[in-house]
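The values are calculated or read from the model by the stated rules, or taken from the named source; none is laboratory data. Note that the coordinates shown come from a computational prediction; the quantities given were computed from them, not determined experimentally. All Cβ positions, glycine included, derive from the backbone under ideal geometry; neighbour counts span all protein chains shown.
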Amino acid sequence: MAIASLPITIDRVRKVFGDYVALNEVSLEIAAGEFLTLLGPSGSGKTTLLMALAGFVRPDSGSLAIGDRDVTRLSPDKRDIGIVFQNYALFPHMSVVSNVEYPLILRKVPKIEARRRALAALARVKLEHYGDRNIAALSGGQRQRVALARAIVFEPRVMLMDEPLSALDKNLREHMQFEIRRLHDDLGITTIYVTHDQREALTMSDRIAVMDAGEIQQIASPSEIYHRPKTRFVAEFMGEANILPGSQLSGFRGAGETRPGLAMIRAESFYLDPSEIAGSVVAINGALSAKAFRGENWLLKLLTANGAEVTISIPATRSAGCADFQQGQAVTAYTAVASVHSLPEGGAR
């Protein structure tokens, strides 16, 4: 069952709480059927933007449209939006199936039809045999699935999700990421997902909008956001990024001389043996200041002669010798020229 999804247009939306600018002229186009994640630290504006789309926050200026309908001043119940909250917002005094059919009862759907559709929605989230259970008897993951079933039961054109996996443990959280994406692909609902978890955003999204200080810093595919960030903030927020003056990169085996501005190198792009890298290579020299074994990799920190700290992640499969490194030992790390991404000088935002 695919749902006829709708595009979303956010045009110069601004929201101020006292002296705090939560949203500063935010504009964004979301395609019909797209899975877009709003990603950023606490206070970046991502949840305020989601709540404005839901109708729980009214912008001070700007407009919000779903399809060709301006919804800026519509009440939440008039927007035809499915919402999954961080705390699930389930009714503890109701059974599972009663929770799921509740949106249909509010819409005056006949009881028999509401029950049929609620059971079908539960089957979609693999809880078809849980309809008679009490909410309190469910695990965190099961409650999350009930909240998803309730959000899709009335076939909304748009789904909003506010950190729905934050209360789950790591393994269940990762499993549910794939379940939510599967459900999205099956139904084709335009989905806006809020999280502060970078890995979650990279795993699930068609595009990611990275937010900070009430503004969108960059919007692109997960791969583009991770490997080709436009600002220093995006580079450092999206993972273990080393930001160095281009002048600190030494030419090695076919590499040209130093580049202007700043250079970003992901920690996992380094090798200790240059023979493992094809093509042109650059090198960074430093003294070992710290090391840690993390199971799948060794994390090394080097202090360069210029006082910069460089973080290096070496997979366990090619980390022979890392365990024997000593504090202060001279270490040279190598990376392919293609793994060095230029950022504008200063590049703070």
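With the structure loaded, tell me whether LEU90 is in contact with an Asp or Glu (Cβ under 6 Å, 6 or more places away or on another chain) and modelled with pLDDT of 85 or more or whether it fails that test. No: the conditions fail for LEU90. The residue of segment 7-25 that is nearest to THR190 (Cα to Cα), among those that are touching a residue at least 12 places away in the same chain (Cβ under 8 Å) and over 21 Å from the mean Cα position of the chain (by Cα), is ASP11. Against the numbered list (1) touching a strand residue (DSSP E or B) at 6+ places or on another chain (Cβ under 8 Å); (2) more than 17 Å from GLU155 (Cα to Cα), ALA54 comes up short only at (2).
For ASP80, the conditions (1) out of contact with any helix residue (DSSP H, G or I) (no Cβ under 9 Å at 6 or more places or on another chain); (2) modelled with pLDDT of 90 or more all hold with the exception of (2). Taking every residue in segment 231-247 that is of a type in the set (Lys, Arg) and pairing it with any residue that is assigned to a loop (DSSP other than H, G, I, E, B), at least 6 positions away or on another chain, the pairs with Cβ-Cβ distances below 7 Å are ARG232/GLY347; ARG232/ALA348.
The residue list ALA114, ALA137, ALA123, ALA118 contains one member that is closer than 28 Å to ILE66 by Cβ, surrounded by fewer than 18 Cβ atoms within 10 Å (Cβ to Cβ) and small (Gly, Ala, Ser), which is ALA123. Go through segment 65-116 residue by residue and tally those that are within 22 Å of VAL13 (Cβ to Cβ) and acidic (Asp, Glu). Qualifying residue count for the region: 4.
Figure legend. Inter-residue proximity from segment 291-320: first residues within 11 Å of GLU240 (Cβ to Cβ), second residues among the basic types (Lys, Arg) and surrounded by fewer than 18 Cβ atoms within 10 Å (Cβ to Cβ), beta-carbon distance below 8 Å, spacing 6+ or different chains. Indicated pairs: VAL310/LYS301; THR311/LYS301; ILE312/LYS301.
Kindly evaluate THR203 against the criterion of being of a type in the set (Val, Ile, Thr) and without any contact (Cβ under 8 Å) to a residue 40 or more places away in the chain. Yes, satisfied. Considering ALA333, ALA283, which residue is touching a Ser or Thr at 6+ places or on another chain (Cβ under 6 Å), among the aliphatic types (A, V, I, L, M), surrounded by 14 or more Cβ atoms within 10 Å (Cβ to Cβ) and at negative phi? Step by step, each of ALA333, ALA283 is checked, and only ALA283 is touching a Ser or Thr at 6+ places or on another chain (Cβ under 6 Å), among the aliphatic types (A, V, I, L, M), surrounded by 14 or more Cβ atoms within 10 Å (Cβ to Cβ) and at negative phi. Would you please name the residue that is surrounded by the most Cβ atoms within 10 Å (Cβ to Cβ), looking only at residues in segment 26-37 that are within 20 Å of GLY188 (Cα to Cα) and out of contact with any Leu (no Cβ under 6 Å at 6 or more places or on another chain)? Among those that are within 20 Å of GLY188 (Cα to Cα) and out of contact with any Leu (no Cβ under 6 Å at 6 or more places or on another chain), it is THR37. Return yes or no: is GLU236 modelled with pLDDT under 90 and within 16 Å of the chain's Cα centre (by Cα)? Answer is no for this residue. Specify the residue that is modelled with the lowest pLDDT; the eligible residues are those in segment 170-207 that are among the polar types (S, T, N, Q) and within 18 Å of ILE152 (Cα to Cα). By that ranking, first place goes to GLN177. Given the options PRO41, PRO59, PRO103, PRO92, name the one that is outside any strand (DSSP E or B), more than 29 Å from ALA201 (Cα to Cα) and in contact (Cβ under 8 Å) with a residue 24 or more places away in the chain. After ruling out the rest, the residue left standing is PRO92.
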